[in-house]
Amino acid sequence: MIYFDNAATSWPKPPAVLEAMAHFLNETGANPGRAAHRRAIASGRIVYEAREAVATLFNAPDPLRVVFGPNVTEALNLALAGYLRAGDHVITSSMEHNSVMRPLRALEQAGVKLTVVPCSPAGFLDPAGVEAAIRPNTIMVALNHASNVTGSILPVAEVGRICRQRDLLLLVDAAQPGGAYPVDVQADRIDLLAFTGHKALCGPMGTGGLIVGDRVDVARLRPLKRGGTGSNSELEEQPDFLPDMCESGTPNAVGLAGLAAGVQWVLEQGVAAIRAHEVELTRRLIGGLQSIPGVTVYGGLDPERQTATVSFNVAGKAPSEVGLRLDDEYGIMCRVGLHCAPAAHKTIGTFPDGTVRFGLSTFNTLDEVDAAVQAVAKLAQEVN
Amino acid sequence: MYRDRYAVILMHSTSHAIRAEKLLYQAGIESKLIPAPRHLSSDCGVCLRIERADVEQARKTLEDSRMEIEGVHEI
(Lines give C-alpha, C1' and ligand atoms only; values in the text may rest on other atoms or scores of the structure.)
Protein backbone atom coordinates (compact mmCIF):
# COMPACT_ATOMS: atom_id res chain seq x y z
CA MET A 1 0.00 0.00 0.00
CA ILE A 2 1.21 3.43 -0.91
CA TYR A 3 -0.20 6.53 0.78
CA PHE A 4 0.06 9.55 -1.54
CA ASP A 5 -2.69 11.68 -0.02
CA ASN A 6 -0.46 13.69 2.30
CA ALA A 7 -1.52 17.01 0.79
CA ALA A 8 -4.91 16.33 2.40
CA THR A 9 -3.70 14.73 5.63
CA SER A 10 -0.29 13.28 6.37
CA TRP A 11 0.07 9.65 7.34
CA PRO A 12 1.77 8.02 9.12
CA LYS A 13 2.51 10.21 12.13
CA PRO A 14 5.77 10.02 14.06
CA PRO A 15 5.35 7.57 17.00
CA ALA A 16 5.98 10.42 19.46
CA VAL A 17 2.69 12.00 18.36
CA LEU A 18 0.68 8.95 19.34
CA GLU A 19 2.62 8.65 22.59
CA ALA A 20 1.99 12.29 23.50
CA MET A 21 -1.74 11.93 22.85
CA ALA A 22 -2.01 8.69 24.81
CA HIS A 23 -0.03 10.25 27.62
CA PHE A 24 -2.33 13.25 27.68
CA LEU A 25 -5.46 11.13 27.90
CA ASN A 26 -4.00 8.68 30.42
CA GLU A 27 -1.98 10.93 32.67
CA THR A 28 -3.14 14.52 32.22
CA GLY A 29 -6.67 14.71 30.97
CA ALA A 30 -7.75 17.94 32.66
CA ASN A 31 -8.95 21.17 31.13
CA PRO A 32 -6.13 23.64 30.37
CA GLY A 33 -6.52 27.17 31.68
CA ARG A 34 -9.66 26.47 33.68
CA ALA A 35 -8.41 25.48 37.13
CA ALA A 36 -5.24 25.59 39.18
CA HIS A 37 -4.86 21.97 40.28
CA ARG A 38 -1.81 20.05 39.16
CA ARG A 39 -3.41 18.30 36.21
CA ALA A 40 -5.03 21.47 34.90
CA ILE A 41 -1.65 23.16 35.05
CA ALA A 42 0.04 20.18 33.39
CA SER A 43 -2.56 20.41 30.64
CA GLY A 44 -1.99 24.16 30.29
CA ARG A 45 1.74 23.55 30.03
CA ILE A 46 1.23 21.07 27.19
CA VAL A 47 -0.89 23.58 25.27
CA TYR A 48 1.75 26.23 25.90
CA GLU A 49 4.48 23.88 24.65
CA ALA A 50 2.49 23.49 21.45
CA ARG A 51 2.41 27.29 21.07
CA GLU A 52 6.14 27.48 21.61
CA ALA A 53 6.88 24.67 19.14
CA VAL A 54 4.77 26.30 16.42
CA ALA A 55 6.33 29.71 17.14
CA THR A 56 9.81 28.17 16.86
CA LEU A 57 9.01 26.41 13.58
CA PHE A 58 7.73 29.60 11.95
CA ASN A 59 10.19 31.91 13.75
CA ALA A 60 7.40 33.87 15.45
CA PRO A 61 8.73 36.01 18.33
CA ASP A 62 5.80 35.63 20.75
CA PRO A 63 4.23 32.21 21.47
CA LEU A 64 1.20 33.96 23.01
CA ARG A 65 0.32 35.34 19.59
CA VAL A 66 -0.15 31.79 18.31
CA VAL A 67 -3.94 31.36 18.35
CA PHE A 68 -5.12 27.76 18.18
CA GLY A 69 -8.25 26.51 16.45
CA PRO A 70 -9.51 23.36 14.78
CA ASN A 71 -7.87 23.86 11.36
CA VAL A 72 -6.40 26.29 8.86
CA THR A 73 -9.85 27.06 7.46
CA GLU A 74 -11.02 28.56 10.74
CA ALA A 75 -7.74 30.49 11.03
CA LEU A 76 -8.23 31.95 7.54
CA ASN A 77 -11.85 32.82 8.34
CA LEU A 78 -10.70 34.56 11.52
CA ALA A 79 -8.10 36.60 9.65
CA LEU A 80 -10.40 37.51 6.76
CA ALA A 81 -13.87 37.87 8.29
CA GLY A 82 -12.40 39.08 11.58
CA TYR A 83 -10.31 41.84 10.09
CA LEU A 84 -11.87 43.06 6.84
CA ARG A 85 -14.73 45.58 6.78
CA ALA A 86 -17.05 46.86 4.06
CA GLY A 87 -15.12 49.26 1.84
CA ASP A 88 -11.74 47.61 2.49
CA HIS A 89 -9.89 46.28 -0.54
CA VAL A 90 -8.10 42.93 -0.40
CA ILE A 91 -5.88 41.30 -3.01
CA THR A 92 -5.52 37.57 -3.53
CA SER A 93 -4.24 35.18 -6.21
CA SER A 94 -5.99 32.89 -8.66
CA MET A 95 -4.31 29.84 -7.08
CA GLU A 96 -6.25 30.01 -3.83
CA HIS A 97 -7.98 27.14 -2.09
CA ASN A 98 -11.65 27.64 -1.25
CA SER A 99 -10.64 28.16 2.39
CA VAL A 100 -9.53 31.62 1.22
CA MET A 101 -11.76 32.09 -1.80
CA ARG A 102 -15.10 31.28 -0.21
CA PRO A 103 -14.69 33.62 2.80
CA LEU A 104 -13.54 36.34 0.37
CA ARG A 105 -16.48 35.81 -1.99
CA ALA A 106 -18.85 36.03 0.99
CA LEU A 107 -17.13 39.20 2.23
CA GLU A 108 -17.45 40.62 -1.28
CA GLN A 109 -21.22 40.29 -0.89
CA ALA A 110 -20.90 42.26 2.34
CA GLY A 111 -19.10 45.17 0.68
CA VAL A 112 -15.41 44.17 0.82
CA LYS A 113 -13.64 44.90 -2.47
CA LEU A 114 -11.66 42.01 -3.94
CA THR A 115 -9.03 41.73 -6.67
CA VAL A 116 -7.92 38.27 -7.79
CA VAL A 117 -4.51 38.56 -9.46
CA PRO A 118 -4.18 35.95 -12.23
CA CYS A 119 -1.33 33.44 -11.98
CA SER A 120 0.48 31.75 -14.87
CA PRO A 121 -0.81 28.44 -16.29
CA ALA A 122 1.95 26.74 -14.29
CA GLY A 123 0.47 28.25 -11.11
CA PHE A 124 3.01 30.97 -10.39
CA LEU A 125 2.38 34.56 -9.33
CA ASP A 126 4.23 37.64 -10.54
CA PRO A 127 4.65 39.97 -7.53
CA ALA A 128 4.35 42.92 -9.92
CA GLY A 129 0.74 41.86 -10.50
CA VAL A 130 0.05 42.28 -6.79
CA GLU A 131 1.71 45.68 -6.71
CA ALA A 132 -0.30 46.85 -9.72
CA ALA A 133 -3.55 45.85 -7.99
CA ILE A 134 -2.97 48.04 -4.91
CA ARG A 135 -5.53 50.83 -4.42
CA PRO A 136 -5.82 53.56 -1.79
CA ASN A 137 -8.26 51.39 0.24
CA THR A 138 -6.20 48.18 0.01
CA ILE A 139 -5.40 46.88 3.49
CA MET A 140 -4.47 43.23 2.99
CA VAL A 141 -2.95 40.71 0.61
CA ALA A 142 -4.10 37.11 1.19
CA LEU A 143 -1.82 34.57 -0.40
CA ASN A 144 -1.52 30.82 -0.68
CA HIS A 145 2.13 29.98 0.07
CA ALA A 146 2.01 26.83 -2.04
CA SER A 147 -0.80 25.48 -4.18
CA ASN A 148 -2.60 22.37 -2.97
CA VAL A 149 -3.16 21.44 -6.63
CA THR A 150 0.24 21.88 -8.32
CA GLY A 151 2.51 22.50 -5.35
CA SER A 152 3.65 25.75 -7.02
CA ILE A 153 5.36 28.01 -4.50
CA LEU A 154 4.18 31.61 -4.55
CA PRO A 155 6.64 34.49 -3.97
CA VAL A 156 5.63 35.23 -0.40
CA ALA A 157 8.84 37.05 0.60
CA GLU A 158 8.67 39.37 -2.44
CA VAL A 159 5.01 40.15 -1.78
CA GLY A 160 5.89 40.64 1.90
CA ARG A 161 8.40 43.29 0.95
CA ILE A 162 5.80 45.07 -1.18
CA CYS A 163 3.27 44.89 1.66
CA ARG A 164 5.70 46.54 4.09
CA GLN A 165 6.52 49.29 1.60
CA ARG A 166 2.84 49.97 0.96
CA ASP A 167 1.74 49.49 4.58
CA LEU A 168 -0.49 46.46 3.89
CA LEU A 169 -0.98 43.34 5.94
CA LEU A 170 0.14 40.03 4.45
CA LEU A 171 -1.98 36.99 5.29
CA VAL A 172 -0.41 33.68 4.24
CA ASP A 173 -2.08 30.29 3.98
CA ALA A 174 0.73 27.92 4.95
CA ALA A 175 -1.37 24.75 4.98
CA GLN A 176 0.73 23.04 2.32
CA PRO A 177 4.34 24.18 2.94
CA GLY A 178 4.23 24.41 6.75
CA GLY A 179 6.74 21.86 8.12
CA ALA A 180 7.96 20.80 4.66
CA TYR A 181 9.34 24.07 3.27
CA PRO A 182 10.95 26.96 5.16
CA VAL A 183 8.33 29.47 6.31
CA ASP A 184 9.69 32.34 8.41
CA VAL A 185 7.21 35.03 9.47
CA GLN A 186 10.00 37.52 10.16
CA ALA A 187 12.20 36.96 7.09
CA ASP A 188 9.16 36.66 4.79
CA ARG A 189 7.40 39.62 6.48
CA ILE A 190 4.19 37.68 7.12
CA ASP A 191 1.71 39.48 9.42
CA LEU A 192 -0.89 36.72 9.67
CA LEU A 193 0.14 33.10 9.17
CA ALA A 194 -2.57 30.45 9.02
CA PHE A 195 -1.36 26.89 9.56
CA THR A 196 -2.81 23.44 9.97
CA GLY A 197 -1.56 20.69 12.24
CA HIS A 198 -2.52 17.57 10.32
CA LYS A 199 -0.35 17.86 7.22
CA ALA A 200 3.45 18.34 7.30
CA LEU A 201 3.40 19.53 10.92
CA CYS A 202 2.71 15.82 11.56
CA GLY A 203 0.00 16.45 14.16
CA PRO A 204 -3.54 15.09 14.31
CA MET A 205 -6.62 16.46 12.59
CA GLY A 206 -8.50 19.08 14.58
CA THR A 207 -5.47 21.28 15.18
CA GLY A 208 -4.42 24.47 13.44
CA GLY A 209 -4.25 28.16 14.06
CA LEU A 210 -3.23 31.68 13.26
CA ILE A 211 -0.03 33.50 14.15
CA VAL A 212 -0.79 37.18 14.66
CA GLY A 213 2.13 39.54 14.01
CA ASP A 214 2.68 42.78 15.86
CA ARG A 215 1.64 44.94 12.90
CA VAL A 216 -1.89 43.59 13.23
CA ASP A 217 -4.32 45.88 15.07
CA VAL A 218 -5.67 43.37 17.57
CA ALA A 219 -8.46 45.76 18.62
CA ARG A 220 -9.82 45.51 15.09
CA LEU A 221 -9.78 41.70 15.02
CA ARG A 222 -13.25 40.31 15.74
CA PRO A 223 -13.28 36.79 17.16
CA LEU A 224 -15.38 34.28 15.22
CA LYS A 225 -16.90 33.05 18.46
CA ARG A 226 -17.16 34.26 22.02
CA GLY A 227 -17.38 32.36 25.28
CA GLY A 228 -15.48 31.00 28.23
CA THR A 229 -11.72 31.46 28.18
CA GLY A 230 -10.75 30.84 31.81
CA SER A 231 -9.59 34.46 31.98
CA ASN A 232 -11.39 37.70 32.97
CA SER A 233 -14.20 35.54 34.32
CA GLU A 234 -15.69 38.46 36.23
CA LEU A 235 -16.61 40.08 32.89
CA GLU A 236 -19.54 39.25 30.67
CA GLU A 237 -17.61 40.68 27.73
CA GLN A 238 -14.96 38.88 25.70
CA PRO A 239 -11.28 39.43 26.72
CA ASP A 240 -9.42 41.84 24.44
CA PHE A 241 -6.01 40.13 24.44
CA LEU A 242 -4.40 37.26 22.55
CA PRO A 243 -4.64 34.34 22.51
CA ASP A 244 -7.70 34.17 24.80
CA MET A 245 -9.91 36.55 22.82
CA CYS A 246 -9.87 34.15 19.87
CA GLU A 247 -9.88 30.86 21.80
CA SER A 248 -13.29 30.52 23.43
CA GLY A 249 -14.38 27.12 24.66
CA THR A 250 -12.39 24.09 25.73
CA PRO A 251 -9.53 23.58 23.28
CA ASN A 252 -8.49 20.33 21.63
CA ALA A 253 -5.78 19.80 24.22
CA VAL A 254 -5.20 16.15 23.33
CA GLY A 255 -4.78 17.18 19.71
CA LEU A 256 -2.43 19.99 20.70
CA ALA A 257 -0.37 17.49 22.74
CA GLY A 258 0.02 15.55 19.48
CA LEU A 259 0.74 18.70 17.52
CA ALA A 260 3.48 19.74 19.95
CA ALA A 261 5.12 16.32 19.50
CA GLY A 262 4.68 16.46 15.72
CA VAL A 263 6.27 19.89 15.40
CA GLN A 264 9.03 18.83 17.79
CA TRP A 265 9.71 15.88 15.52
CA VAL A 266 9.86 18.18 12.48
CA LEU A 267 12.28 20.47 14.33
CA GLU A 268 14.46 17.49 15.25
CA GLN A 269 14.58 16.26 11.63
CA GLY A 270 15.06 19.80 10.37
CA VAL A 271 12.87 21.40 7.72
CA ALA A 272 15.90 21.57 5.39
CA ALA A 273 16.42 17.79 5.55
CA ILE A 274 12.72 17.09 5.08
CA ARG A 275 12.67 19.47 2.14
CA ALA A 276 15.76 17.87 0.54
CA HIS A 277 14.18 14.40 0.67
CA GLU A 278 10.88 15.66 -0.73
CA VAL A 279 12.66 17.49 -3.57
CA GLU A 280 14.37 14.22 -4.48
CA LEU A 281 11.05 12.34 -4.44
CA THR A 282 9.33 15.08 -6.46
CA ARG A 283 12.09 15.15 -9.07
CA ARG A 284 11.78 11.39 -9.57
CA LEU A 285 7.98 11.56 -9.70
CA ILE A 286 7.79 14.42 -12.21
CA GLY A 287 10.46 12.84 -14.40
CA GLY A 288 8.76 9.45 -14.29
CA LEU A 289 5.29 10.76 -15.08
CA GLN A 290 6.59 13.00 -17.88
CA SER A 291 8.19 10.00 -19.58
CA ILE A 292 4.81 8.26 -19.95
CA PRO A 293 3.06 8.88 -23.30
CA GLY A 294 -0.38 10.38 -22.76
CA VAL A 295 0.35 11.78 -19.29
CA THR A 296 0.23 15.54 -18.71
CA VAL A 297 1.91 16.87 -15.58
CA TYR A 298 0.81 20.31 -14.32
CA GLY A 299 2.75 23.02 -12.57
CA GLY A 300 6.27 24.31 -13.04
CA LEU A 301 7.80 20.83 -13.50
CA ASP A 302 10.68 21.99 -11.31
CA PRO A 303 10.94 20.33 -7.89
CA GLU A 304 12.83 23.32 -6.52
CA ARG A 305 9.83 25.57 -7.17
CA GLN A 306 7.12 23.39 -5.71
CA THR A 307 6.16 21.24 -2.77
CA ALA A 308 5.95 17.45 -3.01
CA THR A 309 2.45 17.66 -4.48
CA VAL A 310 2.12 16.75 -8.15
CA SER A 311 -1.03 16.92 -10.29
CA PHE A 312 -1.41 15.06 -13.58
CA ASN A 313 -3.91 13.58 -15.98
CA VAL A 314 -3.95 10.55 -18.22
CA ALA A 315 -5.31 11.22 -21.71
CA GLY A 316 -8.56 9.39 -22.35
CA LYS A 317 -9.21 8.59 -18.69
CA ALA A 318 -11.17 10.64 -16.17
CA PRO A 319 -9.26 11.47 -12.96
CA SER A 320 -11.91 9.59 -10.97
CA GLU A 321 -11.26 6.41 -12.96
CA VAL A 322 -7.50 6.72 -12.53
CA GLY A 323 -7.92 7.23 -8.79
CA LEU A 324 -10.24 4.25 -8.38
CA ARG A 325 -8.00 1.91 -10.37
CA LEU A 326 -4.85 3.04 -8.59
CA ASP A 327 -6.52 2.26 -5.27
CA ASP A 328 -8.25 -0.99 -6.30
CA GLU A 329 -5.49 -2.54 -8.38
CA TYR A 330 -2.29 -1.06 -6.98
CA GLY A 331 -3.12 0.01 -3.42
CA ILE A 332 -2.12 3.58 -4.22
CA MET A 333 -4.16 6.15 -2.31
CA CYS A 334 -4.37 9.59 -3.85
CA ARG A 335 -6.93 12.32 -4.43
CA VAL A 336 -8.72 13.12 -7.67
CA GLY A 337 -10.95 15.94 -8.84
CA LEU A 338 -10.92 19.63 -8.00
CA HIS A 339 -9.19 19.55 -4.60
CA CYS A 340 -11.45 22.34 -3.23
CA ALA A 341 -9.68 24.86 -5.47
CA PRO A 342 -11.77 25.75 -8.55
CA ALA A 343 -9.83 28.98 -9.15
CA ALA A 344 -6.55 27.08 -9.31
CA HIS A 345 -7.98 24.62 -11.82
CA LYS A 346 -9.25 27.45 -14.01
CA THR A 347 -5.74 28.91 -13.86
CA ILE A 348 -3.98 25.71 -14.96
CA GLY A 349 -6.72 24.72 -17.42
CA THR A 350 -8.12 21.64 -15.69
CA PHE A 351 -11.56 22.94 -14.74
CA PRO A 352 -14.08 21.29 -14.32
CA ASP A 353 -12.59 17.80 -14.62
CA GLY A 354 -9.71 18.31 -12.21
CA THR A 355 -6.58 16.24 -11.84
CA VAL A 356 -5.08 13.19 -10.20
CA ARG A 357 -2.99 14.43 -7.30
CA PHE A 358 -0.08 12.64 -5.65
CA GLY A 359 0.73 14.34 -2.35
CA LEU A 360 4.03 12.99 -1.02
CA SER A 361 5.48 13.32 2.45
CA THR A 362 8.79 12.83 4.17
CA PHE A 363 7.74 9.24 4.96
CA ASN A 364 7.50 8.26 1.29
CA THR A 365 10.36 6.56 -0.56
CA LEU A 366 11.85 6.50 -4.06
CA ASP A 367 10.69 2.88 -4.39
CA GLU A 368 7.11 3.96 -3.77
CA VAL A 369 7.46 6.71 -6.37
CA ASP A 370 8.82 4.22 -8.92
CA ALA A 371 5.98 1.76 -8.22
CA ALA A 372 3.39 4.49 -8.64
CA VAL A 373 4.93 5.70 -11.89
CA GLN A 374 4.83 2.09 -13.22
CA ALA A 375 1.18 1.79 -12.23
CA VAL A 376 0.27 5.02 -14.03
CA ALA A 377 2.23 3.86 -17.08
CA LYS A 378 0.17 0.64 -17.23
CA LEU A 379 -3.09 2.57 -17.04
CA ALA A 380 -1.89 5.00 -19.70
CA GLN A 381 -0.89 2.13 -22.02
CA GLU A 382 -4.52 0.99 -22.21
CA VAL A 383 -5.54 4.05 -24.18
CA ASN A 384 -2.35 5.51 -25.60
CA MET B 1 5.41 30.05 58.18
CA TYR B 2 4.07 31.69 55.02
CA ARG B 3 3.78 35.06 56.72
CA ASP B 4 5.69 37.93 55.15
CA ARG B 5 7.32 35.63 52.70
CA TYR B 6 5.49 35.53 49.38
CA ALA B 7 4.15 37.77 46.69
CA VAL B 8 1.95 36.84 43.75
CA ILE B 9 2.11 38.07 40.19
CA LEU B 10 -1.22 38.22 38.41
CA MET B 11 -1.16 37.72 34.65
CA HIS B 12 -3.91 38.00 32.03
CA SER B 13 -4.52 34.28 31.63
CA THR B 14 -3.19 30.82 32.32
CA SER B 15 -1.28 30.90 29.02
CA HIS B 16 0.45 34.09 30.11
CA ALA B 17 1.15 32.70 33.59
CA ILE B 18 2.71 29.55 32.12
CA ARG B 19 4.90 31.59 29.80
CA ALA B 20 5.89 33.82 32.74
CA GLU B 21 6.74 30.78 34.84
CA LYS B 22 9.05 29.56 32.10
CA LEU B 23 10.74 32.94 31.68
CA LEU B 24 11.26 33.26 35.43
CA TYR B 25 12.69 29.76 35.60
CA GLN B 26 15.15 30.63 32.83
CA ALA B 27 16.13 33.72 34.82
CA GLY B 28 16.77 31.59 37.90
CA ILE B 29 13.69 32.72 39.82
CA GLU B 30 11.64 30.05 41.52
CA SER B 31 7.89 30.34 41.17
CA LYS B 32 4.78 28.25 41.65
CA LEU B 33 1.50 28.43 39.81
CA ILE B 34 -1.32 28.70 42.38
CA PRO B 35 -5.01 29.64 42.19
CA ALA B 36 -5.41 33.40 42.17
CA PRO B 37 -6.47 34.42 45.73
CA ARG B 38 -10.11 35.51 45.74
CA HIS B 39 -9.40 38.89 47.39
CA LEU B 40 -6.97 39.80 44.59
CA SER B 41 -8.85 38.52 41.58
CA SER B 42 -12.31 37.16 40.92
CA ASP B 43 -10.79 35.24 38.05
CA CYS B 44 -10.88 31.47 37.84
CA GLY B 45 -7.26 31.35 36.72
CA VAL B 46 -3.85 30.90 38.21
CA CYS B 47 -1.16 33.30 39.35
CA LEU B 48 2.55 32.98 40.11
CA ARG B 49 3.72 32.83 43.69
CA ILE B 50 7.30 33.99 44.22
CA GLU B 51 9.50 35.04 47.12
CA ARG B 52 9.05 38.70 47.97
CA ALA B 53 12.79 39.17 47.61
CA ASP B 54 12.50 38.22 43.94
CA VAL B 55 9.75 40.67 43.02
CA GLU B 56 11.90 43.33 41.38
CA GLN B 57 13.97 40.90 39.35
CA ALA B 58 10.83 39.04 38.30
CA ARG B 59 9.14 42.24 37.22
CA LYS B 60 12.17 43.18 35.15
CA THR B 61 12.43 39.71 33.59
CA LEU B 62 8.82 39.76 32.45
CA GLU B 63 8.90 43.35 31.24
CA ASP B 64 12.05 42.60 29.23
CA SER B 65 10.03 39.94 27.41
CA ARG B 66 7.24 42.45 26.84
CA MET B 67 4.85 40.58 29.11
CA GLU B 68 2.13 42.68 30.65
CA ILE B 69 1.75 42.17 34.39
CA GLU B 70 -1.79 42.59 35.76
CA GLY B 71 -0.62 43.15 39.31
CA VAL B 72 1.90 42.22 42.00
CA HIS B 73 0.65 41.70 45.53
CA GLU B 74 2.21 40.59 48.79
CA ILE B 75 0.29 37.77 50.41
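General observations
- Restricting A:69, A:82 to residues that are away from every other protein chain (no Cβ under 13 Å) and under 16 Å from residue A:199 (Cα atoms) narrows the list to A:69.
- Residues within region A:1-49 that are buried (at least 23 other Cβ atoms within 10 Å of the Cβ) and in a loop (DSSP other than H, G, I, E, B), tallied: 6
- Subset tally (residues that are of a type in the set (A, V, I, L, M, F, W, C), farther than 14 Å from residue A:309 by Cβ and touching a residue at least 40 places away in the same chain (Cβ under 8 Å)) for region A:338-384: 11
- For the criterion of being within 14 Å of chain B (Cβ to nearest Cβ), outside any helix (DSSP H, G or I) and under 23 Å from the mean Cα position of the chain (by Cα), residue A:54 fails.
- Residue among A:296, A:282, A:250 that is within 30 Å of residue A:221 (Cα to Cα) and hydroxyl-bearing (Ser, Thr, Tyr): A:250
- Enumeration of residues in region A:64-81 that are of a type in the set (A, V, I, L, M) and surrounded by 21 or more Cβ atoms within 10 Å (Cβ to Cβ): A:64, A:66, A:67, A:72, A:75, A:76, A:78, A:79, A:80
- Selection of region B:14-46 for residues being assigned to a strand (DSSP E or B) and loosely packed, with under 15 Cβ neighbours inside 10 Å yields only B:32.
- Pairing residues of region A:250-279 that are not assigned by TED's automatic domain parsing to the domain that holds residue A:34 with residues that are at pLDDT below 95 and buried (at least 22 other Cβ atoms within 10 Å of the Cβ), at Cβ distances under 7 Å and at least 6 apart in sequence or on separate chains, gives no pairs at all.
- Residue tally, condition more than 14 Å from every other protein chain (Cβ to nearest Cβ) and in a loop (DSSP other than H, G, I, E, B), over region A:214-234: 9
- Residues of region A:109-126 classified as part of a strand (DSSP E or B) and either modelled with pLDDT under 95 or not β-branched (Val, Ile, Thr) (or both), total: 2
- Just one residue in the set A:218, A:212 is crowded, with 22+ Cβ neighbours inside 10 Å, farther than 30 Å from residue A:26 by Cα and in contact with a strand residue (DSSP E or B) (Cβ under 8 Å, 6 or more places away or on another chain); that residue is A:212.
- Residue match in region B:14-36 (condition: of a type in the set (Ser, Thr, Tyr), within 23 Å of residue A:235 (Cα to Cα) and in contact with a Gly (Cβ under 6 Å, 6 or more places away or on another chain)): yes
- Of all residues assigned to region A:80-91, at least one qualifies as being within 16 Å of the chain's Cα centre (by Cα) and in a helix (DSSP H, G or I).
- Strands (runs of 3 or more DSSP E) within region A:127-207 that include 2 or more residues surrounded by fewer than 24 Cβ atoms within 10 Å (Cβ to Cβ): A:138-144
- Pairs where the first residue, in region A:26-41, is at pLDDT 90 or above and the second is of a type in the set (Ser, Thr, Tyr), C-beta under 7 Å, 6+ apart: A:28/A:43; A:30/A:43; A:31/A:43; A:31/A:250; A:32/A:43; A:32/B:14; A:39/A:28
- Residues of region A:170-189 satisfying the condition of being touching a helix residue (DSSP H, G or I) at 6+ places or on another chain (Cβ under 6 Å), touching a residue at least 40 places away in the same chain (Cβ under 8 Å) and among the hydrophobic types (A, V, I, L, M, F, W, C): A:171, A:175, A:180
- Candidate set from region A:235-282 (those that are touching a helix residue (DSSP H, G or I) at 6+ places or on another chain (Cβ under 8 Å) and either in a loop (DSSP other than H, G, I, E, B) or of a type in the set (Phe, Trp, Tyr) (or both)); member that is farthest from residue A:53 (Cα to Cα): A:238
- Candidates A:297, A:356, filtered to the one that is under 14 Å from residue A:152 (Cα atoms) and touching a strand residue (DSSP E or B) at 6+ places or on another chain (Cβ under 6 Å): A:297
- Residue that is surrounded by the most Cβ atoms within 10 Å (Cβ to Cβ), among those in region A:311-370 that are aliphatic (A, V, I, L, M) and assigned to a loop (DSSP other than H, G, I, E, B): A:360
- Count of region B:38-53 residues which are more than 7 Å from chain A (Cβ to nearest Cβ) and either among the polar types (S, T, N, Q) or in contact with a strand residue (DSSP E or B) (Cβ under 8 Å, 6 or more places away or on another chain) (or both): 8
- Candidate set: region B:9-37, residues that are under 15 Å from residue B:60 (Cα atoms) and touching a residue at least 40 places away in the same chain (Cβ under 8 Å); chosen: the one nearest to the other protein chains (Cβ to nearest Cβ): B:19
- Filter pass, residue A:294 being under 20 Å from residue A:119 (Cα atoms) and either assigned by TED's automatic domain parsing to the domain that holds residue A:377 or without any contact (Cβ under 8 Å) to a residue 40 or more places away in the chain (or both): no
The values are calculated or read from the model by the stated rules, or taken from the named source; none is laboratory data. A quick note: this is a predicted structure, and the numbers were derived from the prediction, not measured. Here Cβ is always computed from backbone atoms with ideal geometry, including for glycine, and neighbour counts include all displayed protein chains.
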